[in-house]
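The values are calculated or read from the model by the stated rules, or taken from the named source; none is laboratory data. Since we're looking at a predicted model, the values are computed, not measured. Cβ placement follows ideal geometry from the backbone for every residue including glycine, while neighbour counts extend to all protein chains displayed.
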Number of protein chains: 2
Amino acid sequence: MNKRVTIKDLAQEVGLSLGAVSQALNPRESTIKVREETIQRVQAAARRMGYRPHAGASSIRSKHFQNIGYFMASTGIPDYEPVGYSIGLHDAALEHNFRVTLIRLPSGKFKNAISRVFREAHLDAMVMVNASILFSEYKDILQTSDFPVIYLNDKQDNNSVYTDDILGAKRATEHLIQRGHRSIYFVKINNAPVVDLHYSIADRIQGYTEAMHTAKLKPVIKAYTYPQQEGPLLDELFGRDKPEAILAYCDADAAQLLKFAYHQGLHAPEDIAIMGYNDDIFSRHCWVTLSTMHIPTYDMAQAAFRMVLAQIDENSNGPTDSCVFVPELIVRASTEREKETEKEKERAKGSELPLDPLQVAIL
Amino acid sequence: MNKRVTIKDLAQEVGLSLGAVSQALNPRESTIKVREETIQRVQAAARRMGYRPHAGASSIRSKHFQNIGYFMASTGIPDYEPVGYSIGLHDAALEHNFRVTLIRLPSGKFKNAISRVFREAHLDAMVMVNASILFSEYKDILQTSDFPVIYLNDKQDNNSVYTDDILGAKRATEHLIQRGHRSIYFVKINNAPVVDLHYSIADRIQGYTEAMHTAKLKPVIKAYTYPQQEGPLLDELFGRDKPEAILAYCDADAAQLLKFAYHQGLHAPEDIAIMGYNDDIFSRHCWVTLSTMHIPTYDMAQAAFRMVLAQIDENSNGPTDSCVFVPELIVRASTEREKETEKEKERAKGSELPLDPLQVAIL
DNA sequence: CTGTTAGCGCTTTCAT
DNA sequence: ATGAAAGCGCTAACAG
């Protein structure tokens, strides 16, 4: 480990004072102004000598860390995560010279540990995804900690970024109605009763219901626990009195329903139309590609970062208004009369041959 | 923003010196020893007053940041990421009171920006996933920077953690042979020629080839660019002279092959056996669940963290030996004669009803 | 426009 | 076992 090159060394090299060098390196509001020429000279020297600012040292005096937390509030090891959130946040942070620290609920044997991330001061703000499932223990910490928290994919009056799922579900249902379907179910798998854990569950049901009412159709909402309720599920959804179409709560549910249908000898979209929600990996890679509602995760994360800046920059002017995105209808094979529309094939051509082959190839 | 509670305030409160309090808060090697009773008293006061150590301040004198970088070297916005790596690393870091900073290749308009993450000193080490695709620009930075880098999912002599894909592919092939298949192809989709970008491509081909030779069977290796080579693909894999079984390079490829087969009127495993590799989301959620080779991503990340500690703790004793994991054969529906084995159904029951419903439900 | 100086919050060395 | 004091690398306030 070589001796660190400090700002002092730099000052000596260029024959300036510490303060001047500090300003030249990182020009900001100050009583001390440096000439453009000086800035160039100092920065050239910095490069030449391999100077790297010490993030910790600057955070002491400057009172900010240039660091935000990205808190993914999911427990255990989920099958997948919407990667658009983390990439969007990272890109936005990078653009503004912020770092992002990864935060998770601890799993494994340290399940109950409170992360150092919370004990120590090193964050200017935090962006939290899926806050709904947080332990109250964490909620307390967040309340008492003095940094701003922005909620991503969570519906709150302030400081949150989310999608209008009432509108989204309405549009999805309208799509199914326009396709000529009358008997349309809303189906959720996994939770015995439809519990109001995440806002999207209640909102999607509401949007679906409103659209059905507007069209003078009878809404039917079903929730099944799998595999315990496999019997009723197969009977009610794919038996004699089966619906013409199903709007699933999410793509994962839709994919599973598609699988059930297949084993019952029913094919989408000919025998039954099945629609997902989220436009995630399931809808795109499903054996029959799924019509779905696109959620702009990347843009939402960028918006979340903008809210972070708003909270940090102008100090002490209270909460920021929440930011609402509108999901976009994506029509694919699972609700189209023709198995794959031409448009869809075009899209596939673009997306299935990525610039970087490893993107898909590597685990 | 309330006034920060500092170690000074604490010292005043408990009537001790700064140094003593520092030791009591965080006992370590030092000439100054504190009584157990003192430690308790100080820590109680710290809790009472809401003291939170300033990560930046401690990093100056202590010369370490308690922070490691998690560098996911994928470009653009991939469809998914193996989440086991980041969770495993996070858990291990948490256990040792380390933070983890998220690092990515910048996408979007700041594509060519070098992240602040590299310019500033704030990391003790870095764990890098899929290093193979790095820009040389980054490679230079890594070479000259003075912190250790551990390579995850990359095969190197030192400082890397990876799986033995020669052995893995061999076992996968043997599984297919034991099922009675003679004509078995190795298939990769996406790259026109099989380019040696990631070690796993060459190694899986090697393992497959060796297993075939041992069984006195003729290895056939195919690579297709989709959709450009859709014609030859369909013809050679699912036409008149189709193989009895296919070992795909990865689960995503296998899932796609399954889809092609279906549209050609062929079903797995009756008409053709198709096997994946990686045991990722594709293999588990595919319409016909895929037999595959499990890669212990969580454990690999934990191992990577242990290597990080080895590199940091004992200073100046050179590189650490690489750590090799062995993939495990997972038999599912796509190669079994019976559509879904009983064992598989059992497994599904466990995994499809997670403790946390949001794990699956929420985007 | 530039130099000087006083810290920031913490750790570590040295003295007691 | 504890206190005193020096200093880590940097920024900000003040003086010129």
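Miscellaneous remarks
- Residues of the range B:168-187 that turn out to be small (Gly, Ala, Ser) and outside any helix (DSSP H, G or I), as a count: 2
- When B:Tyr70 is tested against (1) at the interface with chain A (Cβ under 8 Å from one of its Cβ atoms); (2) in contact (Cβ under 8 Å) with a residue 60 or more places away in the chain; (3) of a type in the set (Phe, Trp, Tyr), just one condition goes unmet, and that condition is (2).
- Just one of (1) surrounded by 13 or more Cβ atoms within 10 Å (Cβ to Cβ); (2) in a loop (DSSP other than H, G, I, E, B); (3) within 7 Å of DNA strand C (Cβ to nearest atom) fails for B:Arg28. It is (1).
Let's see how each residue does on (1) within 16 Å of DNA strand D (Cβ to nearest atom); (2) more than 28 Å from A:Ile60 (Cβ to Cβ); (3) outside the structural domain of B:Arg306 (by TED's automatic domain parsing); (4) hydroxyl-bearing (Ser, Thr, Tyr):
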{"position": "B:Met49", "(1), (2), (3), (4)": "no, no, yes, no"}
{"position": "B:Ser58", "(1), (2), (3), (4)": "yes, no, yes, yes"}
{"position": "B:Ser74", "(1), (2), (3), (4)": "no, yes, no, yes"}
{"position": "B:Tyr80", "(1), (2), (3), (4)": "no, yes, no, yes"}
{"position": "B:Ala92", "(1), (2), (3), (4)": "no, yes, no, no"}
{"position": "B:Ser115", "(1), (2), (3), (4)": "no, no, no, yes"}
{"position": "B:Asp124", "(1), (2), (3), (4)": "yes, no, no, no"}
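- Qualifying residue in the range A:98-105 (condition: exposed (fewer than 13 other Cβ atoms within 10 Å of the Cβ), in a loop (DSSP other than H, G, I, E, B) and within 9 Å of chain B (Cβ to nearest Cβ)): no
- Among the residues listed as A:Val21, A:Val34, A:Val14, the single one being within 8 Å of DNA strand D (Cβ to nearest atom), more than 13 Å from chain B (Cβ to nearest Cβ), over 30 Å from A:Asp146 (Cβ atoms) and β-branched (Val, Ile, Thr): A:Val21
- Condition met for B:Pro227 (within 14 Å of chain A (Cβ to nearest Cβ), farther than 16 Å from B:Ile274 by Cβ and free of Cβ contacts under 8 Å to residues at least 24 places away in the same chain): yes
- Filter result (among the acidic types (Asp, Glu) and closer than 19 Å to A:Asp79 by Cβ) within the range B:236-282: B:Asp251, B:Asp253, B:Asp279, B:Asp280
- Among the candidates A:Lys8, A:Lys33, A:Lys3, residue that is near DNA strand C (Cβ under 9 Å from one of its atoms) and surrounded by fewer than 16 Cβ atoms within 10 Å (Cβ to Cβ): A:Lys33
- Considering only residues in the range A:73-90 that are closer than 27 Å to A:Leu309 by Cβ and modelled with pLDDT under 85, the one that is nearest to the other protein chains (Cβ to nearest Cβ) turns out to be A:Ser74.
- Qualifying residue in the range B:313-327 (condition: part of a helix (DSSP H, G or I), over 21 Å from A:Pro78 (Cβ atoms), more than 10 Å from chain A (Cβ to nearest Cβ) and at pLDDT below 55): no
- Inter-residue pairs, beta-carbon under 6 Å, first over 15 Å from A:Ile39 (Cα atoms) and in the range A:1-21, second among the acidic types (Asp, Glu) and surrounded by fewer than 16 Cβ atoms within 10 Å (Cβ to Cβ), 6+ apart: A:Met1/B:Asp146
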